[in-house]
Structures are given as C-alpha cells and as structure tokens.
C-alpha cells in the first residue's frame, strides 16, 4: 500500500462521521392568547389565538396560520442565537411570565435558536428584562407534550358544535392539522355544546378497534344514565344535559356552558368513563374559537335600516333641504337658501316635528360628527356606533361607558322613534325595524352592551395596529 493510500485511510478513520439533518417539516407553535409582536419594520402586529407553523427568514421568523393559505402569514422580528441540543427536526414553543411577556422560541437542527419577544393584552410595550427560557427547559416541555400525544386514548373527538338559545342555527367545529376550531359568539355568554366521541383505530386496521356503542358496559351506563361518565372543560366537570349514542356508534355528550364568549377560548375538553376497574378516556383536546359577530348578524340590519340611515345622512343644510323636498315636495319646503333649515336646530324643526314623545329632540347630527354611515359595512358602522365620538364642536369625546350607552339605547327619543314607531308629523306610518316591539329591541341590544359592544372584524390571524413601535421591545442591531 502506498503512503498516499495509507494517509487517506488514516484520515477516514480519524474524521468524525456526520449525519446530514434535513428539516422535513415546519415546527408548529400554539398561541392561546392574542399577543403583540413587532415586525422588522417596526409595526405592532397582534397575533390571534391559534396554531402557527414557523420558518426563519433573514430578519425574523414567519408565522403561517395552520388553517390559512400560503398568503396568510406574517413576519415578526426575532433575534438569532445558538443552542447545543441534539434535535433532528425544528422545535417551537410559546412561553410567558407573570409580567405579561411572551416569547416564541424556535430551535433548529443546525444549532440556530430564534427568539421573538412580545406582550399579551392591550399594551404592546415590553418592560423589564426580556423573557429567556433555557433550551434544555424547552426540550423538557417538548418531550412532555410528545409523551402525552404518544399515549393512545380510547376516545377521540369526532365532532363539536354549539347552539345558542336565541338562534336556530347550530355551529359546527372543524378539525385542522393539529387542533380544532369552533365558531363561537362574541356576545352571547351561554350555549349548548355537543361533543361526540369515536373509538380509536389501531395501525393498519380495517375497522375501529373500539366502537363505543358496541361495549356492553358503556351501553348500560348510557342507557341507565348512570354515573361515571365525566366531561371536563378546562379541568372542571360540566354536568351532562344529554348522553346517548349516535347512529354511527359514537358517544354523544351535551353540556350547557356559561362564560363562553369568544375571548374566553381556547378551551380544553376531555371525557372519562369508568366502570369498576375499567377506564376509557380521551386525550385533552384543545379547541380554538372563530368569532361569530353578534353585531353583524343581529344588530347591523337595524342600524343600517332606512329609519336610522336617513337621519344620520342629514349632516348639512343641503342634504336636509334635498330630503324634505324629495319627501314632501319643493312647493312645501322651499328652503334652499334659508340657513335655519340645518342640523341641530330643533327650533326650526319643531314647527312640524312637534310629536310629544320626541321631546322637541328631532334633529340630525352634524357632518362634522362623522356619523353618516349610510352604505357602510358592518365593521365601519359598528366602530362609529361604539365611539369615540365627535361632538358638534368637532371635539373628540371618549366612548360611552356601559351605563350611559344602555341609557342612550333605552331612552333616546330619536332611537325609540326609529326602532319601533315611525309615525311622521303628517300622520304617515313609515316602515321600522321592530314595529311596536320596543322590548324586543332592548332584548337584542342589551346583551351586546353587556359584552362590551364587540365589533366584527375581518382579521382571522393577524391584526395590524394603527401605530408604529419605537424601540419598545428590544434594541435592533
């Protein structure tokens, strides 16, 4: 053997053998509460609750909504460091502390670690030392999560739905890649929730290994409505209002839940059945919420009714004159150049509008108040209704508190007329949303006010704030 051959062989024996690690899948992180994060350009982005896949880019990490499309993603600022953990695929976790700090951490097989810092709640500024979680602690939590997932449960969630007392429609949940998402109302605080549970399948099996309706012990428990069938929501037992088998053999459990507005989610559910020494149980299933707008479905048809939009469009002298001449004729309203025919002038209006129940309050808002919402969509009308408001002097006033807003909707004579009366000074009955049903109007609007007047949003995953951050999170290098 030549000297060169020996040298080559010696080099081969003394060089450590390496394994090429390929990141075949993206890491997934679950965000349980809406959190603020900065973008590389300094925008304040709110990431809504849900599951997100992550990959790194030059200036940060990009979040892809699990149920979204490729275009529904957001790049948030992240700082790269290193880690020494031996992993074969990316690992991501969301961590938090008592100060409201949030951090998304991504560990990559190549030794890179990326941290994105943010905050939870209304405030988007980060105070104090940014949260740092040791890589070993992240690995420990990740292994615990995987260990829980490795256990094969006897039950798996087949479907979930919710029905509210005031609505006939049942809203069904959807199974995503790793989580569930259920349409949940942003205003109604209680509903009837139905969870159905199927048995499990062993690998390569052609039929379920466990069908709930075929198990004799389960049949007896369900038939006699005996104890030992427990459904827990966020770790607390929820009393069952219905227990049965479906035609497909699944176990149907129904509960009435309170405190279930969309902001209270995600929630974790689990079912456990015991019979003597036997136990059948599911894994803990996390369910995220997709907002159902109460304002859009219940109140917007009223606020966008002609009785409301007509007066809210009369913000100038010219519009008042045009509307009256259209309704009652030019010869009866020849006030093109009369300055008294203007908004906020009850003295001029009360000559005709002298209905006692209006308390001489028949006048329209000025255009400077910017509450002409005719033709606007539900999101923009709701924002105008809830404030902040502009008074007739053009000054911005704070939104009404709950008490004042309730009083406004219950006692304002113009609202009462527009909602349920519609009688004109000439004796003509105009079409109104809820004719002679003022109590129904109160039943519709009061829950919305009580819930904090939530407005609809077209934001599924990311919400851009109106301001730009100024070095609030951490110094950029």
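The values are calculated or read from the model by the stated rules, or taken from the named source; none is laboratory data. Values in this document were obtained by computation on a predicted structure and should not be read as measured data. Here the Cβ positions follow ideal geometry from the backbone for every residue, glycine too, while neighbour counts run over all protein chains shown.
Scan the range 143-165 residue by residue and report those that are over 16 Å from residue 269 (Cα atoms), part of a loop (DSSP other than H, G, I, E, B) and in contact with a strand residue (DSSP E or B) (Cβ under 9 Å, 6 or more places away or on another chain). The answer is 164, 165.
In this entry, residue 307 is excluded by the filter for residues that are closer than 30 Å to residue 426 by Cα, modelled with pLDDT under 90 and outside the structural domain of residue 50 (by TED's automatic domain parsing).
In the range 235-271, how many are under 26 Å from residue 453 (Cα atoms) and surrounded by 15 or more Cβ atoms within 10 Å (Cβ to Cβ)?
Going residue by residue through the range 235-271, those that are under 26 Å from residue 453 (Cα atoms) are 256-267.
If we keep only those that are surrounded by 15 or more Cβ atoms within 10 Å (Cβ to Cβ) too, we end up with 256-257, 260-263, 265-267.
Residues meeting the conditions: 9.
If you go through the range 367-389 and pick out every residue that is more than 26 Å from residue 298 (Cα to Cα) and in contact with a strand residue (DSSP E or B) (Cβ under 9 Å, 6 or more places away or on another chain), you end up with 1. Scan the range 387-411 for residues that are modelled with pLDDT under 90 and surrounded by 18 or more Cβ atoms within 10 Å (Cβ to Cβ) and the total you get is 1. Within the range 325-358, the set of residues being surrounded by 12 or more Cβ atoms within 10 Å (Cβ to Cβ), modelled with pLDDT under 80 and assigned to a loop (DSSP other than H, G, I, E, B) comprises 350, 352, 353, 355. Any residue at all in the range 110-131 that's modelled with pLDDT under 90 and closer than 21 Å to residue 285 by Cβ? No, the range 110-131 contains no residue that is modelled with pLDDT under 90 and closer than 21 Å to residue 285 by Cβ.
Select, from 233, 255, the only residue that is more than 22 Å from residue 178 (Cβ to Cβ) and at pLDDT 90 or above.
Numbers: 233 fails: more than 22 Å from residue 178 (Cβ to Cβ).
Within the list 233, 255, the selection yields 255.
Could you please let me know if residue 376 is part of a loop (DSSP other than H, G, I, E, B) and at pLDDT 90 or above? Considered against the rule, which asks whether it is part of a loop (DSSP other than H, G, I, E, B) and at pLDDT 90 or above, residue 376 comes out as yes.
For the range 212-295, please list each of the strands (runs of 3 or more DSSP E) lying entirely inside it that holds at least 1 residues being in contact with a helix residue (DSSP H, G or I) (Cβ under 7 Å, 6 or more places away or on another chain) and under 30 Å from residue 460 (Cβ atoms).
Numbers: elements: 229-233, 240-245, 251-258, 267-275, 278-281, 285-292.
Because the criterion is at least 1 residues that are in contact with a helix residue (DSSP H, G or I) (Cβ under 7 Å, 6 or more places away or on another chain) and under 30 Å from residue 460 (Cβ atoms), the strands (runs of 3 or more DSSP E) in the range 212-295 that meet it are 285-292.
Give the number of residues within the range 236-275 that are within 22 Å of the chain's Cα centre (by Cα) and without any contact (Cβ under 8 Å) to a residue 60 or more places away in the chain. Qualifying residue count, the range 236-275: 3. Across the range 73-84, the qualifying residues are those that are crowded, with 16+ Cβ neighbours inside 10 Å and without any contact (Cβ under 8 Å) to a residue 60 or more places away in the chain, and the one among them that is farthest from residue 463 (Cα to Cα) is 83. Report yes if residue 329 is without any contact (Cβ under 8 Å) to a residue 60 or more places away in the chain and under 44 Å from the mean Cα position of the chain (by Cα), otherwise no. No: the conditions fail for residue 329. Residue 67 - would you say it is closer than 22 Å to residue 289 by Cβ, in contact (Cβ under 8 Å) with a residue 24 or more places away in the chain and not in a strand (DSSP E or B)? So residue 67 passes the test.
Taken as a whole, the structure leaves residue 426 outside the set of residues that are within 20 Å of residue 302 (Cα to Cα) and either surrounded by 11 or more Cβ atoms within 10 Å (Cβ to Cβ) or touching a residue at least 60 places away in the same chain (Cβ under 8 Å) (or both).
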